């Protein structure tokens, strides 16, 4: 069995666009006719350029190879051009292609991917979602409204979620870490209070940030919200500043989570070694793929850390996250986008079973999904924006700030 063909789908995500402006899916075909699907998570270059990167990684390192030889192909890509170090775009491309290889391997053996990784550890996986506007909410004011967010939290908990994530802490900008405005701290406290009052002990609070803060700023924000006992404080400082993250972890009594912007075990190992975080959030379409992330999970297990795979992408990455989560012993929870329905669910024929806050272990071969190629081709992305974009303007200390929940516009 050899890999012969590659097809790439750059799919525009219709409004409201939760999950990003677009999704990049790959389809691999073998010489015996088996197909597998994967997903490349958002990169720092646009999708037109990323198509060329994906094609190059496939043609240079994978075409003509047995899809089972994942270790070999990973080392080729990781070492390409005399690098032997993490490269976000190259490893993003490889991650999606690697996921597709596992889909093929599972289908060839008529088994789910997790069966190829050591079997089923978990019959179901706890899930969480960001808080998004309900149908009657004003989407412009939702992100800074404790009352609306609390109402959304209550609705999610009523659906069965036992953890909800929100991010009232102000802008993430290309300028790096900043000191939060007093208005940001005040809003964060009021939102934590409103959501905790709404859900009580029925759900954990997950306090999301995106590397916004300086070390001192992260500590100030963390101490202000400690009394609401969040389950985690997510990426409080820029992700490459592990020493600063360790200082925050030592100064704040909230577990630190990080990982959505990291790739391969080489970037996750220092986080664990330095005690910078106890919850890892790899995005499998970026972190190196399924096998590499299983290695990351094994490292985390040694450090008594837990895994919470990240998802702000499409449903094929979600399917890969689920396969890994079913297999590993130190899974905490896996992100979903609401309950996994809508356009993203349509793309995989709603094959992943979400029920009462949990994802059930798939039973079908491979990733356990059927990818709707016709629907994907009917929604090409024709914009020029990146999947997510940093804000140019600095933190506003006079008139307040608003994080718009990852909305495309």
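The values are calculated or read from the model by the stated rules, or taken from the named source; none is laboratory data. This structure is a prediction, so every number in the text was calculated from the model and none was measured. A quick note on method: Cβ atoms are made from the backbone with ideal geometry, for glycine too, and the neighbour counts reach across all protein chains shown.
Within the stretch 298-308, is even one residue crowded, with 24+ Cβ neighbours inside 10 Å and farther than 18 Å from residue 232 by Cα? I'd like the intermediate steps shown before the answer.
Quick first cut of the stretch 298-308, residues crowded, with 24+ Cβ neighbours inside 10 Å only: 300, 307-308.
Narrowing further to those that are farther than 18 Å from residue 232 by Cα: none.
No, that holds for no residue.
Here's a check for you: in the stretch 351-367, which residue that is on the phi > 0 side of the Ramachandran plot and over 19 Å from the mean Cα position of the chain (by Cα) is surrounded by the most Cβ atoms within 10 Å (Cβ to Cβ)?
In the first step, residues of the stretch 351-367 are kept if they are on the phi > 0 side of the Ramachandran plot; the result is 356-357, 366.
Retained after the next criterion (residues that are over 19 Å from the mean Cα position of the chain (by Cα)): 356, 366.
Values: 356: 10, 366: 28.
The extreme case among them is 366.
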Worksheet, complete the sentence: Here the residues within the stretch 223-275 that are within 20 Å of residue 205 (Cα to Cα), surrounded by 16 or more Cβ atoms within 10 Å (Cβ to Cβ) and over 20 Å from the mean Cα position of the chain (by Cα) are 224, 225, 228, 248, 249, 252, 254
Response to the item:
Only unsatisfied item for residue 393, checking (1) surrounded by 15 or more Cβ atoms within 10 Å (Cβ to Cβ); (2) part of a loop (DSSP other than H, G, I, E, B), is (1)
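Here's the yes/no breakdown for (1) within 23 Å of residue 68 (Cα to Cα); (2) in contact (Cβ under 8 Å) with a residue 40 or more places away in the chain; (3) touching a helix residue (DSSP H, G or I) at 6+ places or on another chain (Cβ under 7 Å):
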residue	(1), (2), (3)
256	no, no, yes
260	no, yes, no
281	no, yes, no
294	yes, yes, yes
323	yes, yes, yes
329	no, yes, yes
334	no, yes, yes
Worksheet item: So, in the stretch 207-232, of the ones that are farther than 20 Å from residue 335 by Cα and in contact with a strand residue (DSSP E or B) (Cβ under 7 Å, 6 or more places away or on another chain), which residue ends up modelled with the lowest pLDDT?
Response: 212
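Of the residues that make up the stretch 365-381, is at least one without any contact (Cβ under 8 Å) to a residue 12 or more places away in the chain, over 28 Å from residue 75 (Cα atoms) and touching a strand residue (DSSP E or B) at 6+ places or on another chain (Cβ under 7 Å)? Can you show your working first?
Going residue by residue through the stretch 365-381, those that are without any contact (Cβ under 8 Å) to a residue 12 or more places away in the chain are 374, 378.
Checking which are over 28 Å from residue 75 (Cα atoms) leaves us with 374, 378.
When the remaining residues are screened for being touching a strand residue (DSSP E or B) at 6+ places or on another chain (Cβ under 7 Å), the result is none.
No, the stretch 365-381 contains no residue that is without any contact (Cβ under 8 Å) to a residue 12 or more places away in the chain, over 28 Å from residue 75 (Cα atoms) and touching a strand residue (DSSP E or B) at 6+ places or on another chain (Cβ under 7 Å).
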Discussion item. Let me confirm something: among 56, 140, 147, which residue is within 29 Å of residue 20 (Cα to Cα), in the same structural domain as residue 287 (by TED's automatic domain parsing) and without any contact (Cβ under 8 Å) to a residue 40 or more places away in the chain?
Written reply: 140
Discussion item. For the stretch 236-254, which positions are more than 15 Å from residue 275 (Cβ to Cβ) and touching a residue at least 40 places away in the same chain (Cβ under 8 Å)?
Written reply: 238
Worksheet item: Which members of the stretch 172-204 meet the condition of being buried (at least 22 other Cβ atoms within 10 Å of the Cβ) and either free of Cβ contacts under 8 Å to residues at least 40 places away in the same chain or in contact with a strand residue (DSSP E or B) (Cβ under 9 Å, 6 or more places away or on another chain) (or both)?
Response: 172, 180, 188, 191, 192, 195, 203
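Residue check: is residue 156 surrounded by 19 or more Cβ atoms within 10 Å (Cβ to Cβ) and in contact with a helix residue (DSSP H, G or I) (Cβ under 8 Å, 6 or more places away or on another chain)? Explain how you work it out, then say what you get.
On the way: surrounded by 19 or more Cβ atoms within 10 Å (Cβ to Cβ): yes; in contact with a helix residue (DSSP H, G or I) (Cβ under 8 Å, 6 or more places away or on another chain): no.
So residue 156 does not fit the description; no.
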